[in-house]
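Q: My questions will all concern the structure given below.
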């Protein structure tokens, strides 16, 4: 990973998107990457905003799709099914970048997308989907950590869901002492274009 903020002015729109897509793809495969964790924001039915930290699981740059995993019993899944507009947000302090994406989310549960993602999920990650209580359930005490399932154990599959976030634009802010650079990248256009924004 680069040790300093990218110089967007030297890149141009297509190169900036290619660079960012590469970083996000790398982040999906490495828990040590600074973009591996992100904030997913949604809006509850009463208009209350809700934000939580989630793990980046897959990036399809050409398809403009980002995938996350969730327990289908989580309140956020029901909210997203009713109100699919979501926002994704990252801040990476080593790269000194902020990334913001407005997306439309689709929940995949019990379908081929969920099955494919489940098959690629490590056994320890699968453990969290085997719990008896839905996320957010009020408990009398702290629960024990779920046991790591054996390879091939699909006990948590019924609770496993994929949240697929489709997007057309990306906002990227690169922080520089000599002047911050902020752009709104139109990744749905060929060629990719951008609008330069005041930081």
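FYI, it's all coordinate maths here, none of it is from the lab. These figures come from a predicted structure and were not determined experimentally. As a convention, Cβ positions derive from the backbone with ideal geometry for all residues, glycine included, and neighbour counts pool all protein chains shown.
Q: Do we find that residue 19 is surrounded by fewer than 19 Cβ atoms within 10 Å (Cβ to Cβ) and touching a helix residue (DSSP H, G or I) at 6+ places or on another chain (Cβ under 6 Å) in this structure?
A: no
Q: Taking residue 59 as meeting all but one of (1) buried (at least 18 other Cβ atoms within 10 Å of the Cβ); (2) more than 21 Å from residue 176 (Cα to Cα); (3) more than 11 Å from the chain's Cα centre (by Cα), write down the number of the exception.
A: Only one criterion is unmet by residue 59, namely (3).
Q: Follow-up. Taking the options 132, 159, name whichever one is touching a helix residue (DSSP H, G or I) at 6+ places or on another chain (Cβ under 6 Å) and under 18 Å from residue 73 (Cα atoms).
A: After ruling out the rest, the residue left standing is 159.
Q: Out of 31, 9, 26, 14, I need the residue that is out of contact with any helix residue (DSSP H, G or I) (no Cβ under 7 Å at 6 or more places or on another chain), in a helix (DSSP H, G or I) and more than 25 Å from residue 199 (Cβ to Cβ). Which one?
A: The unique qualifying residue is 26.
Q: Inside region 45-56, can you point out the residues that are out of contact with any helix residue (DSSP H, G or I) (no Cβ under 6 Å at 6 or more places or on another chain) and in a loop (DSSP other than H, G, I, E, B)?
A: 45, 46, 47, 48
Q: Would region 72-85 turn up any residue that is in contact (Cβ under 8 Å) with a residue 60 or more places away in the chain and within 27 Å of residue 18 (Cα to Cα)?
A: no
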